[in-house]
Each structure stands twice: as C-alpha cells, then as structure tokens.
C-alpha cells in the first residue's frame with residue numbers, strides 16, 4: 001500500500017502529540033483518582049462512625065431505661081405473679097424500646113411474668129440462656145448475643161437485662177427486654193439505610209453471626225468464611241477504617257468498619273466500587289473523546305502544511321513514476337525553486353540525458369543480434385551468471401508451446417517444463433552456469449510441452465565473455481531429437497523382449513519337468529495317504545467322544561453325590577428315630593407307618609434324580625422347539641446342591657418366554673458345561689462373594705443367553721484359545737474338550753454362535769440361536 005511522505009509526517013506529528021497528551025493525562029488522572037478514592041473513604045468512614053455512635057446511644061438509652069425501671073420495682077413483683085404482670089403492663093414507655101416483649105425472672109431463671117402476656121409460658125426455666133446466667137452471676141446489666149426467641153417462635157432477637165435487688169442488696173431476680181432483629185426498632189431499621197444507590201449497612205457479633213442485614217434471610221447466619229472477605233477478616237482482629245474488598249457474592253466493594261463501644265459488635269458499610277468510581281469512568285471517557293478530536297484536528301493541519309511544503313517534491317516524484325512511458329524529449333523535470341529540491345531536479349535531468357545516449361547504442365546492438373538469432377532453427381537462449389534468462393529465440397514456441405515473453409517473465413518456467421524424471425539432473429546442470437571455466441557442457445533430457453507432449457532435447461551450453469573478459473553467462477542451443485530417441489527405444493525394447501522370451505521358455509520347460517515328476521510321485525502314494533488320514537481322524541473322533549463322555553459322567557456322579565447327600569441323611573435319621581422309639585417302647589403303629597412313608601418318599605425322590613440325570617445325557621435324534629428358560633431351570637436343578645455346597649449364588653434375569661429350535665439335551669449339556677466351569681473358577685480363586693449371573697432375552701431376532709461369573713475373568717493370552725480342543729487351564733483335572741464340544745454343538749449342530757469375553761470383573765459366555 002502506497003503512503004505519501006506528507007501523510008507519514010502528519011501521522012508522526014500526531015503520534016508525538018498523542019504520546020504527550022496521554023502521558024500528561026495519565027499522571028493527572030492518576031492523581032485525581034487517588035484523591036477521589038481517599039475522599040470517598042474518609043466520607044464513608046465518617047458516616048459509619050456517626051452511625052455507630054447513634055446505635056451505641058440507642059442501645060445504651062434502652063439499657064438505661066430498663067435499669068431505671070428495674071431499680072424502681074418492689075420485691076413483691078418476684079413473689080406475686082399478678083403484681084408482676086401489672087408492673088410490666090404499666091411500663092408503656094419501656095415497651096417503645098423493646099418490640100419483642102419485656103420479662104421478669106426470679107433468681108433461678110424461672111419466668112414470672114411477661115408483657116404482652118402469652119398463656120402457658122409462666123414458670124418456664126430460662127436459666128440455660130447465657131444472658132440469664134451472666135446477669136444472675138455478676139449482678140450487672142448485660143446485652144446478649146443474638147438468639148432465636150421462644151416468645152415469638154423462630155424470630156431472631158437480642159436481649160438486654162437488668163438485675164433486681166432487695167433492700168439488703170441481694171439479687172432476687174432480673175428484668176429483661178427483647179429486641180427483634182427483623183422488627184421495627186432502631187437497630188433493625190439500619191438495614192434500610194442506603195450508601196449511595198445500592199450500598200448498604202450490616203452488623204455482626206464477635207462470632208461472625210449476622211445481626212442486621214437488608215436481606216432478612218441472612219440474619220442469624222454465619223458471615224463469609226475466613227479468607228473470603230479480607231476487610232471483614234481484619235475487622236474481627238480489631239481493624240477500624242476503610243478499604244476495598246470482595247464480598248462472598250464476588251462483588252467488589254468499598255467497605256468501612258467501626259466497632260460499637262457498647263457491645264463490641266461490628267458495623268460495616270458496603271459501597272459498590274462500580275457505583276463509587278462511576279465519575280472516574282466518565283472522566284476517562286470525556287478525556288478519550290477530547291484527545292481523539294484534538295489528534296484528528298492536528299493531523300488535518302499537519303497534512304495541509306506538509307502538502308504546501310512538499311508540492312515541488314511531489315512534482316519530481318510524479319515525473320519519475322511515469323518516466324518509462326514518456327518520450328525522450330519529455331523526460332526532463334522543471335521545478336521553480338532554488339532549494340535542495342531544485343538541485344535534485346537539475347541532477348536528475350543530466351542523468352536522463354546520459355541514459356538516453358546509452359539506450360540508443362544498446363538498441364542498435366540488440367537489433368543486429370536479434371536479426372541473426374530469431375531466424376535460427378534450434379532453440380537458442382542466453383542465461384546470465386545469476387540464472388536469469390536474458391534472451392530466448394522465437395523458436396522456443398515450436399519446441400515447448402510457450403512464447404519467448406513467458407520464459408522471460410517467468411524465471412522458473414525453464415525448469416517446470418523439464419520432465420520430473422530429469423528435473424533433478426537439469427537443476428544440477430544449471431548450477432554450472434556460474435562457473436565460466438567448465439567450457440562446453442552437453443546434456444540430453446525430456447521436456448513436457450504445453451499440450452502435454454513429451455519431447456527429447458539435445459542441450460549444448462557454451463560460456464560467453466565480454467570484450468573486457470567479464471563472464472556474461474552461457475549461450476545454450478537446444479535441438480529436438482525426439483524421433484531419434486523413439487527409434488533407439490523401440491530397438492532396445494525389441495532386444496529386451498527377445499531375451500525375456502528366451503529366458504521364460506527355458507523356465508517353463510524346467511518347471512514342467514519338475515511338475516511331471518511330482519505328479520507321478522503323488523499319484524503313487526495318494527491312495528495310501530488318504531486311507532491313513534481317514535483312519536487317524538476316526539481314531540481321534542472316538543477318543544474325543546470317549547473323553548467327553550468320561551468328563552460328563554464324572555460331572556454327573558459328582559452332581560448325584562451332592563443331590564443325594566441330604567436325602568441319605570434324612571433316611572438315616574428316620575431309621576435311627578424308629579430304633580430309639582422301639583428301644584424305649586414308644587413305637588406305635590402310626591409312628592411306624594409315618595416313618596416308613598417318609599423313608600419311601602425320600603427313596604422315590606432319589607430314584608427320580610437318577611432318571612433325570614439319565615435323560616439329561618441322552619442324545620437327541622430330532623430337532624425340537626424348546627423353552628430356553630426350562631432348559632436353564634433344568635440345568636440349575638442338577639447343579640443346585642453343588643452350588644449351594646460351594647456358597648455360590650445364582651442371579652436369573654428372564655425377559656419373556658424365549659423359544660429356540662434345536663437339540664434340547666445337547667443345549668442343556670452346553671449350559672451345564674459353562675456353569676461347571678464358572679463354579680470351578682470361583683472355588684479355585686476363592687472369590688469372597690461368588691455369584692453366577694444368567695440372562696435370557698431376545699435381541700435383533702436372536703434368542704440370547706449370557707452366563708457371567710465374578711471370578712476375575714480370563715487372561716488375554718488364554719482368551720483366544722478357550723475353544724481349542726484339548727486346551728485346558730485345569731492341569732490334570734481338565735480334559736480340554738468341554739468348551740470345544742460346546743462350540744461344535746451350538747455352531748455346527750444348531751446353527752448359532754458361542755462367544756466369550758471379559759465383562760464386569762468376570763468371564764461372560766454368550767449363546768445366540770435363531771428363533772424357532
């Protein structure tokens with residue numbers, strides 16, 4: 001962006017003026033602000049001190065009035081309830097000080113009378129109140145800390161007390177006046193006083209409890225915690241004065257603090273800083289506006305003066321700007337001044353005359369050179385030592401599709417048209433342009449024309465020297481050798497193709513011979529190898545089935561043992577009971593029949609258990625529709641005793657009656673296998689509260705059962721191998737085929753999926769089957 005000299009000088013003068021004004025104003029405003037803040041602080045503290053004196057006077061006036069009335073009371077007001085009530089009711093002037101009632105207590109702190117009277121309160125013991133205890137103990141008047149009144153339930157109040165004495169000077173009771181902190185009295189009315197528009201007053205006691213505040217909800221509640229309001233923290237340590245702070249609500253305030261002499265309570269006036277300093281903000285604004293206007297006026301005046309002084313120089317500048325477009329006779333400058341600008345114009349005119357002569361001579365030489373170079377067939381160009389192109393022949397268009405003006409105005413175009421495969425070689429070659437002692441340099445490379453055609457160039461570069469021996473760069477001649485290179489490439493391709501075909505035929509012949517020999521050997525041994533493999537597979541299948549049956553039978557015997565243990569104990573107890581009754585001659589026919597019936601019921605139950613286990617392991621012949629819920633219950637019945645023996649709880653989550661299609665007995669064996677594995681893990685790892693969670697639900701058209709334990713899960717290196725045959729983590733106790741056979745049953749026999757993952761601190765097996 002062009003900025004004139006006169007504009008720069010005008011801006012510089014304005015900047016200096018602004019810096020001076022801003023610096024002077026900063027110190028002036030700072031002094032004014034400090035004096036203004038000190039004035040506000042003094043006035044606010046004086047106001048708070050006056051209010052504190054007024055509050056002290058009102059409190060002491062009320063206390064003196066109470067003491068005067070107490071001294072005039074006769075001793076019979078303590079013994080005669082009716083006289084005490086009349087005495088209080090007649091104290092009209094005293095009630096004007098105490099809006100929450102006046103009271104008479106005996107020397108034990110028992111309420112004798114109160115005014116206004118409220119039924120059911122006489123005779124109550126108030127000796128627990130601090131102000132009762134201190135007055136009776138010291139015999140002196142006392143102003144209490146805030147408390148919750150029982151006279152007006154829930155009302156925050158303070159009490160003033162005065163002791164009652166008999167003629168011998170012994171304390172016989174006390175008189176009390178109560179002021180409501182939220183009522184209409186001289187103390188509570190302080191909350192309505194405003195400092196400015198939004199400032200306010202509040203009073204706290206020495207225990208950081210709020211006594212008076214415009215927000216009634218804050219009365220009798222703790223003030224801000226230590227460290228929040230710094231001025232208040234200093235006030236609790238004895239500070240009196242004014243300072244800036246931040247309230248518990250985050251509002252910056254000017255706070256003035258004064259203690260009451262009568263009670264040592266703390267009176268604080270809060271004045272928002274935003275309101276107190278509003279005049280300062282306005283002063284800053286007015287100053288900013290005035291400084292901006294003055295700067296603009298100064299800028300305009302400076303610009304006008306500089307325009308007048310700089311007009312001769314502007315004329316010279318304008319002539320220089322349009323100098324290349326002017327004819328030789330119009331390039332001189334005429335200035336009507338004799339100062340430095342006039343001397344500059346004369347020197348400029350002399351320089352223009354010398355340049356005109358040099359340009360005429362150069363133009364004649366250039367025309368002679370172009371006459372020879374422009375009509376050459378090859379592409380000729382001249383590059384100076386700085387790698388800038390000085391001249392290129394018009395034939396460059398026939399070679400590259402780009403005109404001479406494009407190469408002269410775009411220095412990088414010469415490298416850009418070089419093929420990417422040869423560009424690094426060409427850039428390396430250009431580095432020798434600066435070295436005059438290398439002589440003639442030759443190079444062959446490809447270029448890409450504007451139309452995308454690839455051409456081969458033969459490049460010859462020679463150094464150029466001036467008459468005085470000065471190195472002027474290099475003259476380069478480029479010749480199109482595309483046709484020659486194409487012929488050479490085709491010949492080379494045919495030679496390579498012929499060699500490749502010969503080598504390929506030899507490889508094919510060798511490979512055929514090897515394949516023929518292998519095929520003959522394979523045919524001779526194929527039948528024998530197939531028979532041997534089939535035999536080995538059958539043996540492995542038989543072994544796998546036998547191991548599976550053995551493992552299942554072992555689990556069955558174990559479960560039968562757990563199922564029979566309690567029934568056998570019951571039969572033994574029945575027989576022993578019959579024997580004892582027989583020996584004691586107490587066995588009747590009814591007792592005998594009852595014992596035999598109980599024993600037979602137990603034996604029938606054990607027989608049914610045998611049948612259930614026998615049918616459980618029977619192989620299904622046909623696919624059937626079955627309830628997954630029933631299969632889960634059936635499986636849990638077989639292992640329930642074993643699970644109870646190991647203190648393992650089972651959690652069932654069933655969403656509807658889910659029906660699948662397949663082999664129910666084989667499905668039950670899969671469930672039994674997974675539950676048994678979970679049981680083994682929970683017992684081996686001695687889990688504190690072992691449990692098995694079983695969920696039955698439908699999702700996306702599939703019937704799903706998940707079985708999850710809380711045994712800590714399966715390690716990452718074992719998890720991918722749990723379904724492999726003969727893989728087991730149980731050492732000698734495991735066969736390694738249970739989960740493998742379960743996966744075969746679910747995925748191959750029933751068309752579902754069986755997967756496992758670690759979830760919620762245990763292993764979770766997921767069985768998915770299509771709907772029936």
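The values are calculated or read from the model by the stated rules, or taken from the named source; none is laboratory data. All values reported here derive from a predicted model rather than from experimental measurement. Cβ placement follows ideal geometry from the backbone for every residue including glycine, while neighbour counts extend to all protein chains displayed.
Can you pull out every residue in segment 418-442 that is more than 52 Å from the chain's Cα centre (by Cα) and within 24 Å of residue 482 (Cβ to Cβ)? Matches in segment 418-442: 418, 422, 425, 426, 428, 429, 430, 440, 441, 442. If you filter segment 140-149 down to residues that are surrounded by 14 or more Cβ atoms within 10 Å (Cβ to Cβ) and without any contact (Cβ under 8 Å) to a residue 40 or more places away in the chain, you find that the one that is farthest from residue 80 (Cα to Cα) is 147. Residue 393 meets the conditions (1) more than 13 Å from residue 476 (Cα to Cα); (2) touching a helix residue (DSSP H, G or I) at 6+ places or on another chain (Cβ under 8 Å) in every case but one. The failed one is (1). Taken together, the criteria place residue 352 among residues that are within 30 Å of residue 7 (Cα to Cα), out of contact with any strand residue (DSSP E or B) (no Cβ under 6 Å at 6 or more places or on another chain), modelled with pLDDT of 70 or more and surrounded by 15 or more Cβ atoms within 10 Å (Cβ to Cβ).
This table checks each residue for (1) in a helix (DSSP H, G or I); (2) modelled with pLDDT of 75 or more; (3) exposed (fewer than 14 other Cβ atoms within 10 Å of the Cβ); (4) out of contact with any strand residue (DSSP E or B) (no Cβ under 8 Å at 6 or more places or on another chain).
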| position | (1), (2), (3), (4) |
| --- | --- |
| 287 | yes, yes, no, yes |
| 292 | yes, yes, yes, yes |
| 297 | yes, yes, yes, yes |
| 306 | yes, no, no, yes |
| 309 | yes, no, yes, yes |
| 313 | yes, no, no, yes |
| 319 | yes, no, no, yes |
| 346 | yes, no, yes, yes |
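Only residues that are buried (at least 16 other Cβ atoms within 10 Å of the Cβ) and either within 14 Å of residue 476 (Cβ to Cβ) or out of contact with any strand residue (DSSP E or B) (no Cβ under 7 Å at 6 or more places or on another chain) (or both): list them for segment 433-448, please. Once the filter is applied, which keeps residues that are buried (at least 16 other Cβ atoms within 10 Å of the Cβ) and either within 14 Å of residue 476 (Cβ to Cβ) or out of contact with any strand residue (DSSP E or B) (no Cβ under 7 Å at 6 or more places or on another chain) (or both), segment 433-448 yields 433, 441, 443, 445, 447. Residue selection: residue 473 fails the criterion of being within 30 Å of residue 434 (Cβ to Cβ) and either free of Cβ contacts under 8 Å to residues at least 40 places away in the same chain or loosely packed, with under 11 Cβ neighbours inside 10 Å (or both). Only a single criterion out of (1) in the same structural domain as residue 174 (by TED's automatic domain parsing); (2) out of contact with any strand residue (DSSP E or B) (no Cβ under 6 Å at 6 or more places or on another chain); (3) within 19 Å of residue 166 (Cα to Cα) is not satisfied by residue 113, namely (2). Across segment 744-754, the number of residues qualifying as surrounded by fewer than 20 Cβ atoms within 10 Å (Cβ to Cβ), touching a helix residue (DSSP H, G or I) at 6+ places or on another chain (Cβ under 9 Å) and modelled with pLDDT of 90 or more comes to 1. Just one of the listed residues (504, 483) is in a helix (DSSP H, G or I), out of contact with any strand residue (DSSP E or B) (no Cβ under 9 Å at 6 or more places or on another chain) and modelled with pLDDT of 75 or more, and it is 504. Restricting attention to segment 627-660, the residues being within 16 Å of residue 703 (Cα to Cα) and surrounded by fewer than 19 Cβ atoms within 10 Å (Cβ to Cβ) number 10. For residue 688, indicate whether it is assigned by TED's automatic domain parsing to the domain that holds residue 705 and in contact with a helix residue (DSSP H, G or I) (Cβ under 6 Å, 6 or more places away or on another chain). So residue 688 fails the test. When you look at residue 158, is it within 20 Å of residue 60 (Cβ to Cβ), in a strand (DSSP E or B), under 47 Å from the mean Cα position of the chain (by Cα) and modelled with pLDDT of 85 or more, yes or no? Spelling it out, it is not the case that residue 158 is within 20 Å of residue 60 (Cβ to Cβ), in a strand (DSSP E or B), under 47 Å from the mean Cα position of the chain (by Cα) and modelled with pLDDT of 85 or more. If you go through segment 230-249, how many residues are surrounded by 16 or more Cβ atoms within 10 Å (Cβ to Cβ) and under 32 Å from the mean Cα position of the chain (by Cα)? Number of matching residues: 2.
Is one or more of the residues making up segment 719-726 touching a residue at least 40 places away in the same chain (Cβ under 8 Å), surrounded by 13 or more Cβ atoms within 10 Å (Cβ to Cβ) and touching a helix residue (DSSP H, G or I) at 6+ places or on another chain (Cβ under 6 Å)?
Narrowing segment 719-726 to residues touching a residue at least 40 places away in the same chain (Cβ under 8 Å): 725.
Among the residues that remain, those that are also surrounded by 13 or more Cβ atoms within 10 Å (Cβ to Cβ) are: 725.
Checking the rest, the ones that are also touching a helix residue (DSSP H, G or I) at 6+ places or on another chain (Cβ under 6 Å) come to 725.
Taking every residue of segment 719-726 in turn, at least one turns out to be touching a residue at least 40 places away in the same chain (Cβ under 8 Å), surrounded by 13 or more Cβ atoms within 10 Å (Cβ to Cβ) and touching a helix residue (DSSP H, G or I) at 6+ places or on another chain (Cβ under 6 Å).
When only residues in segment 250-285 that are at pLDDT 80 or above and out of contact with any helix residue (DSSP H, G or I) (no Cβ under 8 Å at 6 or more places or on another chain) count, which is surrounded by the most Cβ atoms within 10 Å (Cβ to Cβ)? Taking the candidates together, the pick is 265. Would you confirm whether any residue within segment 385-400 is part of a helix (DSSP H, G or I), surrounded by 12 or more Cβ atoms within 10 Å (Cβ to Cβ), under 60 Å from the mean Cα position of the chain (by Cα) and modelled with pLDDT of 75 or more? Within segment 385-400 (the criterion being part of a helix (DSSP H, G or I), surrounded by 12 or more Cβ atoms within 10 Å (Cβ to Cβ), under 60 Å from the mean Cα position of the chain (by Cα) and modelled with pLDDT of 75 or more), the answer is yes, since at least one residue qualifies. In segment 190-229, the residue that is modelled with the lowest pLDDT out of those that are in a strand (DSSP E or B) and surrounded by fewer than 14 Cβ atoms within 10 Å (Cβ to Cβ) is 194. Just one of the numbered conditions (1) part of a strand (DSSP E or B); (2) free of Cβ contacts under 8 Å to residues at least 24 places away in the same chain; (3) farther than 30 Å from residue 231 by Cα is not true of residue 174: (2).
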